[in-house]
Each structure stands twice: as structure tokens, then as C-alpha cells.
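Worksheet: one structure, shown below.
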Amino acid sequence: MGFVEEARQNHVKKKVEEALRSKMKQKALKACDYYTCKYAECASGRTLSVVWQCRQQAKQLNACLHQFTNDAVLEEMKKEYMLQQGAESSARI
């Protein structure tokens, strides 16, 4: 399947894509809660020094978040959404 056909197959409305992105981010934050807490602990009480004092925690948090917030994950969510929409429309018939 070519790029154009795949793009058409996974095309969703802009509002739906925004909602899927938001859901993806929420799942990522939930999955990476441990690293979020570690970063927050490090950053607590700091201002500018956060940049260099918490660099390791920030890298760990970003690595974790990236696992759950990338284009492949979004495309998979779009496919699932399209399958659900297809199932719902066929159930109405």
C-alpha cells in the first residue's frame, strides 16, 4: 500500500485528531508518573538551577513520554478509532 492510500485510510477530522492527541498525552503522563514525580521532587524549591540540577530526571521523563507520544502511537490510535467508527456504522445498518 502506498503512502497516499495509507494516509487516506487513516485520515480523521482535525478535532478527532486533537482529541486523540490529548488522550495520548494523558495516557503517557499516567504511564510515566514515576518519572514525573522524580522530576517534580528535584525541581521543588529551585528556580534557574533546575536546568542543570535536574537534567538526568528530565531526560528520563522525556524518554518515557516519548515511548507513549510518537507518530506510531498516534497512527495506531487513529486506526483503532476508524475501526470503532466502522463497527458502529455497520451495527446501525
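The values are calculated or read from the model by the stated rules, or taken from the named source; none is laboratory data. The shown structure was predicted, so the numbers you read here are calculated from the model rather than taken from an experiment. Backbone-built Cβ (ideal geometry, glycine too); neighbour counts: all protein chains shown.
Scanning region 18-30 for residues that are in contact (Cβ under 8 Å) with a residue 40 or more places away in the chain and surrounded by fewer than 16 Cβ atoms within 10 Å (Cβ to Cβ) returns ARG21, LYS23, LYS25, LYS27. Here ALA28 qualifies as out of contact with any Asp or Glu (no Cβ under 9 Å at 6 or more places or on another chain), modelled with pLDDT of 95 or more and assigned to a helix (DSSP H, G or I). Highlighted here are the helices (runs of 4 or more DSSP H) found entirely within region 31-93 that include at least 3 residues which are modelled with pLDDT under 95 and exposed (fewer than 11 other Cβ atoms within 10 Å of the Cβ): 71-92.
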